[in-house]
């Protein structure tokens, strides 16, 4: 299966960024044009027939896939950034990580009300980041059509906090 090629390319780095965390490094996929194209094609597959108006992607690794998906699907790209990185007026949401807390923001005029939006990130862990991004998109009255991840850490049950939306992950780590 194609997703097995992607899973085999991932690199695991223990104790990064904190002790006890095993960081899943996606750069081997990004460095290989065939694997990168495969990942983007698989993420886009279920949205080709009815593409979103916008891809919203989470800072920073989600941008890599989000930008490529927006080009492939012919739609706009909206960055959901870490606090303090966007230059215009923003909405802000706080969330918990596996190892702390953080805030993300979106421009107040990023998406018109009712627009179809696909949320994209590289990794689903506890779901905190994606849930915060969903709350930002809901404040803008976006119509969230789905959430796509390259990797899901199934043992952290992050999918549960996103249960109001269709969630798809290419690689499931149990």
Each label sits 7 Å from Cα toward the beta-carbon; between residue 31 and residue 102 the label points are separated, in nm, by 2.3
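Tell me, 108, 55, 26 in order of fewest to most beta-carbon neighbours within 10 Å?
In order of increasing Cβ crowding within 10 Å: 108, 26, 55.
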Cβ density ranking, 10 Å radius, fewest first, applied to 43, 71, 35 yields 71, 35, 43
Which of 25, 122, 59 fluctuates most in a GNM of the chain (C-alpha springs under 10 Å)? That residue is 25
On the formula 1/(1 + (r/R0)^6), with r taken between the Cβ atoms of residue 13 and residue 94 and R0 of 25 Å, the FRET efficiency rounded to 0.05 is 0.40
With the convex hull built on the alpha-carbon atoms of the range 1-93, volume per residue in Å³ sits at 137
Calculated from DSSP helices alone, with each H run of at least 4 adding -39500 (n - 2.57) and the total divided by the residues of the chain, [θ]222 nm to the nearest 500 comes to -8500 deg cm²/dmol
Between residue 45 and residue 109, the two model label points (7 Å from Cα along the beta-carbon direction) sit apart by a distance in nm of 3.9
Percent antiparallel among DSSP beta bridges confined to the range 87-174, rounded to 5, stands at 35
Restricting to Cα pairs under 8 Å and 6 or more apart, the percent relative contact order of the range 21-99 works out to 24
Within the chain, the percent of DSSP beta bridges that are antiparallel, given to the nearest 5, stands at 40
From fewest to most C-beta neighbours within 10 Å, the residues 173, 148, 4 line up as 4, 173, 148
Output ordering of 76-88, 124-136, 150-162 (per-residue mean of other Cβ within 10 Å, highest first) is 124-136, 150-162, 76-88
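Bear in mind these aren't lab numbers, they're just calculated from the coordinates by the rules spelled out. Predicted, not measured: the structure shown is a model, and the values here were computed from it. Methodologically, a virtual Cβ is constructed for each residue, glycine included, from the backbone with ideal geometry; neighbour enumeration extends over all protein chains shown.
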